[in-house]
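*Asks:* I have a structure I would like to understand better, so I am pasting it below and will then ask my questions one at a time.
The values are calculated or read from the model by the stated rules, or taken from the named source; none is laboratory data. Remember, it's a predicted structure, so these values are computed and weren't measured experimentally. Cβ atoms come from the backbone with ideal geometry, glycine included; neighbour counts cover every protein chain shown. Calculation scope for accessible area: heavy atoms of the full protein, side chains included, ligands and nucleic acids excluded. Shrake-Rupley method; radii C 1.70, N 1.55, O 1.52, S 1.80 Å.
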Amino acid sequence: MSTTAMPQRAAYQRTNTVDSAPSTVYNSPNDSPTASASSTSLSSMGSIEEFQQLKSKPLVDTYGNEFVLPDYTIKDIRDAIPKHCFERSGLRGLGYVARDFASLATTFFLFNKFCTPEYIPSYPLRVAGWALYTVLQGMFGTGVWILAHECGHQAFSPSKTLNDTVGWVLHSFLLVPYFSWKISHSKHHKATGNM
């Protein structure tokens with residue numbers, strides 16, 4: 001029988017001592033997928049030396065080559081990005097909003113007008129056409145979501161009022177409450193990488 005559970009490591013297995021009493025439960029704590037308090041207490045853990053002796057496998061890329069983590073710093077990455085990419089422009093942002101809504105409207109019009117039995121008599125071709133429509137609308141809708149997301153980060157324009165107004169309108173279009181999302185998403189980013 002195969003399982004997706006991680007194999008148990010020696011450091012997490014209970015160490016029986018002279019003072020240990022046999023288990024009175026049907027299953028041992030080691031048999032359960034989540035550790036119980038009794039199997040994780042410091043007195044029942046294996047030694048740290050056992051844990052350190054476990055060697056992790058080297059990372060391998062899709063071609064079988066050993067993967068080495070790059071040693072770039074955040075500053076190196078930021079310095080490689082052209083300065084104009086960090087400039088916020090409300091006019092450019094509104095242009096992106098107009099482009100995405102024009103793309104949504106154009107795609108809607110074209111498919112509703114031409115992906116019909118009058119223009120495409122073959123049912124399988126119409127199904128393929130509507131599948132393409134779904135993919136295109138999904139991509140343009142994702143563009144709207146990205147712009148709405150940037151408004152929540154105050155990255156859409158230098159104006160907080162414009163960011164919040166456009167963010168509220170776009171989120172409303174997507175049926176996502178803007179201000180509560182903005183608060184919870186901000187908390188999410190404050191805890192990024194925090195285990």
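*Asks:* Which of the residues spanning the stretch 100-117 are in a helix (DSSP H, G or I) and touching a helix residue (DSSP H, G or I) at 6+ places or on another chain (Cβ under 8 Å)? Explain how you work it out, then say what you get.
*Replies:* Our first condition is that a residue be in a helix (DSSP H, G or I); within the stretch 100-117, this holds for 100-114.
The answer is 100, 101, 103, 104, 107, 108, 111.
*Asks:* Residue 115 passes all but one of (1) of a type outside the set (Val, Ile, Thr); (2) more than 30 Å from residue 190 (Cβ to Cβ); (3) without any contact (Cβ under 8 Å) to a residue 12 or more places away in the chain; (4) open to solvent by less than 80 Å² (accessible area, probe 1.4 Å); which number fails?
*Replies:* The one condition residue 115 does not meet is (3).
*Asks:* Still on this structure, please answer the following. Please tell me if residue 144 is surrounded by 15 or more Cβ atoms within 10 Å (Cβ to Cβ) and assigned to a helix (DSSP H, G or I). Walk me through how you get there before you give the answer.
*Replies:* On the way: surrounded by 15 or more Cβ atoms within 10 Å (Cβ to Cβ): yes; assigned to a helix (DSSP H, G or I): yes.
When the stated conditions are applied, residue 144 passes them.
*Asks:* Before we move on, is residue 120 assigned to a loop (DSSP other than H, G, I, E, B) and either touching a Cys at 6+ places or on another chain (Cβ under 7 Å) or open to solvent by less than 90 Å² (accessible area, probe 1.4 Å) (or both)? Step through it out loud before you land on a result.
*Replies:* On the way: assigned to a loop (DSSP other than H, G, I, E, B): yes; either touching a Cys at 6+ places or on another chain (Cβ under 7 Å) or open to solvent by less than 90 Å² (accessible area, probe 1.4 Å) (or both): yes.
Spelling it out, residue 120 is indeed assigned to a loop (DSSP other than H, G, I, E, B) and either touching a Cys at 6+ places or on another chain (Cβ under 7 Å) or open to solvent by less than 90 Å² (accessible area, probe 1.4 Å) (or both).
*Asks:* Can I ask one more? Taking the stated definitions as given, is residue 65 modelled with pLDDT under 95 and polar (S, T, N, Q)?
*Replies:* Working: modelled with pLDDT under 95: yes; polar (S, T, N, Q): yes.
It is true that residue 65 is modelled with pLDDT under 95 and polar (S, T, N, Q).
*Asks:* Still on this structure: So which residues in the stretch 147-171 are open to solvent by less than 50 Å² (accessible area, probe 1.4 Å) and of a type in the set (Lys, Arg), if there are any at all?
*Replies:* none
*Asks:* What is the residue count in the stretch 143-195 for residues that are under 17 Å from the mean Cα position of the chain (by Cα) and more than 23 Å from residue 86 (Cβ to Cβ)?
*Replies:* Summing the residues that are under 17 Å from the mean Cα position of the chain (by Cα) and more than 23 Å from residue 86 (Cβ to Cβ) in the stretch 143-195 gives 6.
*Asks:* Just to be sure, is residue 126 open to solvent by less than 70 Å² (accessible area, probe 1.4 Å) and assigned to a helix (DSSP H, G or I)?
*Replies:* For residue 126, the condition - open to solvent by less than 70 Å² (accessible area, probe 1.4 Å) and assigned to a helix (DSSP H, G or I) - is met.
*Asks:* A further question on this structure: Which of the numbered conditions does residue 131 fail, given that it passes all the others? Conditions: (1) open to solvent by less than 70 Å² (accessible area, probe 1.4 Å); (2) closer than 30 Å to residue 190 by Cβ.
*Replies:* Result: residue 131 passes all but (2).
*Asks:* Output the residues belonging to the stretch 84-97 that are open to solvent by less than 60 Å² (accessible area, probe 1.4 Å) and assigned to a helix (DSSP H, G or I). So that I can check it myself, show each step before the final result.
*Replies:* Here is the first cut: in the stretch 84-97, the ones open to solvent by less than 60 Å² (accessible area, probe 1.4 Å) are 89-90, 93, 95, 97.
Of everything in the stretch 84-97, those that are open to solvent by less than 60 Å² (accessible area, probe 1.4 Å) and assigned to a helix (DSSP H, G or I) turn out to be 90, 93, 95, 97.
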